[in-house]
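A.B. asks: Before I ask anything, let me first share the structure, which is written out below as structure tokens.
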Amino acid sequence: MGGYGALLNGLRYHEVFSKVAAFSPATNPYTLMEYPERGGFGSNEFANMFGSKDEFENSEWNINRSYSKANKSDIPELFIGCGDRDIAVDSQVKEFRSVLDASKVPLQLLWNSRESRL
């Protein structure tokens, strides 16, 4: 969960970090629990870390929520690298990008796609 931690702590400690880079970040850990075949974890591990789904959705641990509600001047510059072959998190990164776009938060995204190699 290195990318998740980088994004979370970059926002939390924005006065320390002016830039954050995350590679294939798990921006929605609940999704990892829903799809254990994608390398996720079970419901007990999730509950131990975040509580229930509702508790997670309404907490500071929910990166999508935290970034959408943050003061824009508190958000560090963001760089995310991911690819569509990373089935554990590719949909999460797309969702996070949509949240940032809707909140008008700039993002540098390096997206590696199978189509770009053809």
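Every number here is computed from the coordinates shown, using simple stated rules; none is lab data. What you see is a predicted model, and the numbers here were worked out from it, not measured in a lab. Virtual Cβ from ideal backbone geometry, glycine too; neighbours counted across all protein chains shown.
A.B. asks: As an exercise, identify the chymotrypsin sites (Phe, Trp or Tyr not before Pro) in segment 11-114 lying in DSSP coil whose Cβ has no more than 13 other Cβ atoms within 10 Å.
C.D. replies: Taking segment 11-114 and a limit of 13 other Cβ atoms within 10 Å, the loop chymotrypsin sites (Phe, Trp or Tyr not before Pro) found are Tyr13.
A.B. asks: Per residue, how much space in cubic angstrom lies within the convex hull of the C-alpha atoms of the chain?
C.D. replies: Output value, Cα hull per residue: 100 Å³.
A.B. asks: Separate question: How high is the FRET efficiency between Glu34 and Glu77 when r is their beta carbon distance and R₀ equals 30 Å, given to the nearest 0.05?
C.D. replies: E between Glu34 and Glu77, to the nearest 0.05, is 0.45.
A.B. asks: Mean residue ellipticity at 222 nm from the helices of the chain, using -39,500 (n - 2.57) per DSSP H segment of n ≥ 4 over the full residue count, to the nearest 500 deg cm²/dmol?
C.D. replies: For the chain, the value works out to -11500 deg cm²/dmol.
A.B. asks: Given the pairs Lys72/Lys104; Lys72/Lys94; Lys69/Lys104, which span a C-alpha to C-alpha distance of over 18 angstrom in this model?
C.D. replies: Beyond 18 Å: Lys72/Lys94.
A.B. asks: List the GluC sites (Glu not before Pro) within segment 7-107 that DSSP assigns to loop and that have no more than 15 neighbouring Cβ atoms inside 10 Å.
C.D. replies: Passing both the DSSP loop test and the Cβ count: Glu15, Glu60.
A.B. asks: Would you mind getting me the FRET efficiency between Leu110 and Ala88? Use the beta-carbon distance for r and R0 = 25 Å, nearest 0.05.
C.D. replies: That pair, Leu110 with Ala88, gives E of 0.90.
A.B. asks: Under a straight-distance cross-link criterion of Cα-Cα below 18 Å, which aspartates and glutamates are reachable from Lys53, leaving out those fewer than 8 residues away in the same chain?
C.D. replies: Qualifying aspartates and glutamates at Cα under 18 Å: Glu34, Glu45, Glu95.
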